[in-house]
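Below is one structure, written out as structure tokens; comments come after it.
The values are calculated or read from the model by the stated rules, or taken from the named source; none is laboratory data. Everything quoted here is computed from the prediction, not taken from an experiment. Cβ sites come from the backbone with ideal geometry, for glycine too, and all protein chains shown count toward neighbours.
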Ligand SMILES: Nc1ncnc2c1ncn2[C@@H]1O[C@H](COP(=O)(O)OP(=O)(O)O)[C@@H](O)[C@H]1O
Ligand SMILES: [Mg+2]
């Protein structure tokens, strides 16, 4: 397995006490595989990814338990220096907001070239050629003419391509894309997502695609992990999850996908809001919003029950959910 996250816990110290952002997340990605991590805003998707990348905001954030293994190396015991070496060459991250992730005072050619100069000791001239080659790869038109432009001179979609190019530069084994298309127009979103999927295949990388949008994962992902209040509540191969969700939260998310034939229907099918991470309700964290909740849901935290070999659901009533 390329990456294995096991029972990961992350807390943030806040004035109102500890915010339990990640509460026992377990997931794995193999080479050539795409895992989509899905969940509402605040469910701990990015924080989990930051822990994997070793870029958690510490303090206030702190890993309080679990394991992160990358190519059988335990990342949590690495020194910062060693973790830095893995970033870039082993794994790279693509962020939602390219404008703040890129350096505004450096040309894109310099930023792309820097990856090769710093990590590979490539000469300035060769780095520039490599930068142009990368810009071509992510299909930025007239790359040779634009290599000297600054990030703000590109459109949002083109900037996102540049960030993909940065992530690809050292040919990592794993890419984590955190809401990579959320800031873009719908048509541009599809283009950037297609490009990412294509490059993932071409380079045979593992990809973790973080998103709150179920609509984008169906075509791209192999499997999905659904997060709620810092936990994985359901995990399944993508087509099975769409066909028969095994958790009421997933079911709600599926019903929230806007469809042309359901005009005028309420867009969001799940009532209420996610819990405060300082005061996650006892039992199943989803119980206050769950149409199926019973007494046991308010007292007992559901483990991730094995639904089948490749599927898990953290719902006491997953069987009913599957059948319903
Ligand atoms: N830098 C931070 N300082 C304090 N709390 C944070 C910080 N980053 C994240 N959190 C807490 O972790 C929660 C989960 O955040 P995040 O993983 O970013 O959610 P998302 O699923 O939207 O990516 C947030 O709601 C917040 O309570
Ligand atoms: Mg996020």
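Take the residues of segment 50-60 that are surrounded by 15 or more Cβ atoms within 10 Å (Cβ to Cβ) and within 9 Å of ligand 1 (Cβ to nearest atom): which is nearest to residue 197 (Cα to Cα)?
Among them, the one singled out is 50.
The number of residues in segment 13-31 that are more than 11 Å from ligand 1 (Cβ to nearest atom) and in contact with a strand residue (DSSP E or B) (Cβ under 7 Å, 6 or more places away or on another chain) comes to 7.
Looking across segment 167-182, the residues that are in a loop (DSSP other than H, G, I, E, B) and either touching a helix residue (DSSP H, G or I) at 6+ places or on another chain (Cβ under 6 Å) or away from ligand 2 (no atom under 16 Å from the Cβ) (or both) come down to 169, 170, 171, 172, 173, 181.
If I filter segment 99-107 for residues that are modelled with pLDDT of 95 or more, over 24 Å from residue 61 (Cα atoms), surrounded by 17 or more Cβ atoms within 10 Å (Cβ to Cβ) and more than 16 Å from ligand 1 (Cβ to nearest atom), do I get at least one hit? Scanning segment 99-107, I find at least one residue that is modelled with pLDDT of 95 or more, over 24 Å from residue 61 (Cα atoms), surrounded by 17 or more Cβ atoms within 10 Å (Cβ to Cβ) and more than 16 Å from ligand 1 (Cβ to nearest atom), so the answer is yes.
The criterion of at least 3 residues that are out of contact with any helix residue (DSSP H, G or I) (no Cβ under 8 Å at 6 or more places or on another chain) is met, among helices (runs of 4 or more DSSP H) falling completely within segment 40-104, by 45-53, 80-89. Residue count for segment 123-168 satisfying the condition of being out of contact with any strand residue (DSSP E or B) (no Cβ under 9 Å at 6 or more places or on another chain) and touching a residue at least 40 places away in the same chain (Cβ under 8 Å): 14. When 71, 85 are screened for being in contact (Cβ under 8 Å) with a residue 12 or more places away in the chain and surrounded by fewer than 16 Cβ atoms within 10 Å (Cβ to Cβ), only 71 passes.
Run residue 27 past the list (1) surrounded by fewer than 19 Cβ atoms within 10 Å (Cβ to Cβ); (2) assigned to a strand (DSSP E or B) and report the number of the one that doesn't hold. Here residue 27 clears every test but (1). Note on segment 131-158: residues that are buried (at least 19 other Cβ atoms within 10 Å of the Cβ) and within 22 Å of residue 90 (Cβ to Cβ) total 3. Set side by side, the residues 25, 29, 47, 37 differ, and just one is within 16 Å of ligand 2 (Cβ to nearest atom), under 27 Å from residue 198 (Cβ atoms) and touching a residue at least 12 places away in the same chain (Cβ under 8 Å), which is 37. Put simply, of 5, 10, 47 the only residue that is within 13 Å of ligand 1 (Cβ to nearest atom) and within 14 Å of the chain's Cα centre (by Cα) is 47.
Are any residues in segment 294-310 assigned to a loop (DSSP other than H, G, I, E, B) and in contact (Cβ under 8 Å) with a residue 24 or more places away in the chain, and if so, which ones?
Those that are assigned to a loop (DSSP other than H, G, I, E, B) and in contact (Cβ under 8 Å) with a residue 24 or more places away in the chain: 304, 310.
Taking the criterion of being surrounded by 14 or more Cβ atoms within 10 Å (Cβ to Cβ) and in contact with a helix residue (DSSP H, G or I) (Cβ under 7 Å, 6 or more places away or on another chain), the residues of segment 276-297 that qualify are 281, 283, 284, 286, 287, 290, 292, 293, 297.
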